[in-house]
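Note sheet for the following structure.
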Amino acid sequence: MTKILMTSVRDDEQAAIKDYAQKNNIEIITTPKLIDEAVDLTTDVDGLVIQQRSRLPEDIYAKLHAIGLKQIATRTAGFDMINIKEANANGLTVTNVPAYSPRSVAEFALMQIFRLLRKSYRFDHQVAQNDYRWFSDEQSVEIHTATIGIIGVGRIGGTLAKLLKALGATVLGYDTNPRTDLDGIVQFVPKDELLKRADIVSLHVDLNPTSKGLLTTKDFALMKPTAGLVNASRGPVVNTADLVDALKNGTIAAAALDTFEGEETVAAADRREKGLDDQPLVKELHAMDNVILTPHIAFFTNLAVQNMVDFSLDDTLAILNGKQSPHEIKL
């Protein structure tokens, strides 16, 4: 019987995993550990499915090759934690789940856009201190009067654009490959124009050499001082030090960050005792009353979790059976 190891497994994934194993007559071993700490569990398995944000140790690929594994499937869209070149050099095919549920992230981004437009971050901070007043500079903007800029109008960004258009918002888009199927929904413009006009900028790009540091001081300087930023893509897309300065100086008004630099040691971690001293920029963001931080949960819905499990296991079985996966990552 085919045996597959799944690492970093959460309780909410277990039902989908059990159902998949029964339907496909395979054995699936699960562990909450990262693959870094679970290499010993791979000695008697045929396939491997991981999920983590931290980089895999560079020596792990040779270890997996020596054991006889042929693939690594990550049940995430992002794959920057894997050294694809090194994996391939050790005979390991790498797959991801590029579209587990575009609507999950799009709906989350929409919620954050509403929170920024309605300045809920201000009221949350005040009420937490038993201050129930409201002030003139907390007057909000109705979404049908707002202009929302989407950087990265792919599966997720395009889904968000449709949701925003249905609500009457003006939607600007910037993408290296503008989509013609969104005519009448998105007005594609240069990035600088989008930054200057948007009330909220929402990021939905993959992390790659061209998107790393996509927004820096010069970009924030183009935005309205009343504008907000939503990042539900990848943390390094934004230069965090520059963002902190822009938020402190009033260059932009607020930010809602589901992804941020340093999250690999923060997201999904209990920091109540340890605190954030080892991540000073995250600590600064956490302390600001104009920042909404969430621990990389935009994907975290019923449908997305089911699809992440199913698609990653489908890819694993395909490769083990000598077939090609449509989700193979190639350099």
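Test of understanding: express the Cα radius of gyration of segment 38-145 as a ratio to 2.2 N^0.38 Å, with N the residue count.
In units of the globular-protein estimate, segment 38-145 measures up at 1.75.
Take every DSSP beta bridge with both residues inside the chain and express the antiparallel ones as a percent of the total, to the nearest 5. Don't skip to the answer; put the middle values down first.
Details: 1 of 36 bridges.
Given both bridge residues lie in the chain, the antiparallel proportion sits at roughly 5 percent.
Taking θ = phi - 60°, what integer Hz values does the Karplus form 6.51 cos²θ - 1.76 cosθ + 1.60 yield along segment 242-256, in sequence order, with x for Gly and Pro?
5, 5, 4, 4, 5, 6, 5, 7, x, 5, 10, 7, 6, 8, 10
Over the chain, what is the relative contact order in whole percent, taking alpha-carbon pairs under 8 Å and six or more residues apart?
18
Listed highest first by mean packing, meaning other Cβ atoms within 10 Å per residue, what order do 23-31, 74-82 come in? Don't skip to the end; give the middle numbers.
Working: 23-31: 14.9, 74-82: 20.7.
Going from most to least packed, we get 74-82, 23-31.
Any chance you could list P(r) for segment 102-293, counting all Cα-Cα pairs in 5 angstrom bins from zero, rounded to whole %?
Cα pair-distance distribution for segment 102-293, in percent: 1, 8, 17, 21, 21, 16, 10, 5, 2, 0, 0.
With a 1.4 Å probe and every protein chain kept in, tell me what percent of the accessible surface of segment 102-293 is carbon plus sulfur.
Result for segment 102-293: 51 percent of the exposed heavy-atom area is carbon or sulfur.
Give me the angle, in degrees from 0 to 90, between the Cα long axis of helix 302-320 and the longest principal axis of the Cα atoms of the chain, rounded to the nearest 10.
The angle comes out at about 40 degrees.
Based on the mean of other Cβ atoms within 10 Å per residue, sort peptides 134-146, 298-310, 214-226 so the most packed one is first.
Highest-to-lowest ranking by the protection proxy: 298-310, 214-226, 134-146.
Given a 1.4 Å probe, how much area per residue of the chain is accessible, in Å²?
Per-residue value: 48 Å².
Quick check on packing: order 42-49, 109-116, 316-323 by the mean number of other C-beta atoms within 10 Å, highest mean leading.
109-116, 42-49, 316-323
Tell me which residues come under 5 Å, amide H to amide H, from G149 once H is placed; ignore anything under 5 positions away on its chain.
Those lying under 5 Å, H to H, from G149 are L172, D199, I200, V201, S202.
Which value in Å is the Kirkwood Rh of the chain over different Cα pairs?
Details: mean 1/r = 0.0471 Å⁻¹.
Averaging 1/r across every pair of different Cα atoms and inverting gives 21.2 Å.
Taking 8 Å as the Cα distance limit and 6 or more residues as the minimum spacing, I'd like the relative contact order of segment 102-293 as a percentage.
Numbers: 332 pairs, mean separation 35.9, N = 192.
Relative contact order, segment 102-293: 19 percent.
Quick check on the chain: helices-only [θ] at 222 nm, where DSSP H runs of length 4 and up contribute -39,500 (n - 2.57) each and the sum goes over total residues. Nearest 500, please. Could the numbers behind the result be given before it?
Details: 11 runs with 112 residues, N = 331.
So the helix-based figure for the chain works out to -10000 deg cm²/dmol.
Rounded to the nearest angstrom and ordered from largest down, what semi-axes does the equivalent ellipsoid of segment 97-136 get from its C-alpha gyration tensor (root of 5λ)? If you can, show how the numbers build up before the last one.
Numbers: eigenvalues 200, 21, 5 Å².
That gives 32, 10, 5 Å for the three semi-axes.
How high is the relative contact order of segment 221-262, given as a whole-number percent (alpha carbon pairs under 8 Å, six or more residues apart)?
58
Treat every Asp and Glu Cβ in segment 209-331 as -1 and every Lys and Arg Cβ as +1, leave all other atoms uncharged, and give the resulting dipole magnitude about the Cα centre to the nearest 20 debye.
Roughly 300 debye, rounded to the nearest 20.
Near the amide H of T93, under 5 Å away, which other amide H atoms are found, from residues 5 or more places off or on another chain, if H is placed in the peptide plane?
So T93 has HN proximity to Q71, I72.
The values are calculated or read from the model by the stated rules, or taken from the named source; none is laboratory data. Bear in mind the structure is a predicted one, so any value in this text is a computation, not a measurement. Note that each Cβ is placed from the backbone with ideal geometry, even for glycine, and that neighbours are counted across all protein chains shown. Just so you know, the surface numbers come from the protein's heavy atoms only, side chains and all, with ligands and any DNA or RNA stripped out. Shrake-Rupley method; radii C 1.70, N 1.55, O 1.52, S 1.80 Å.
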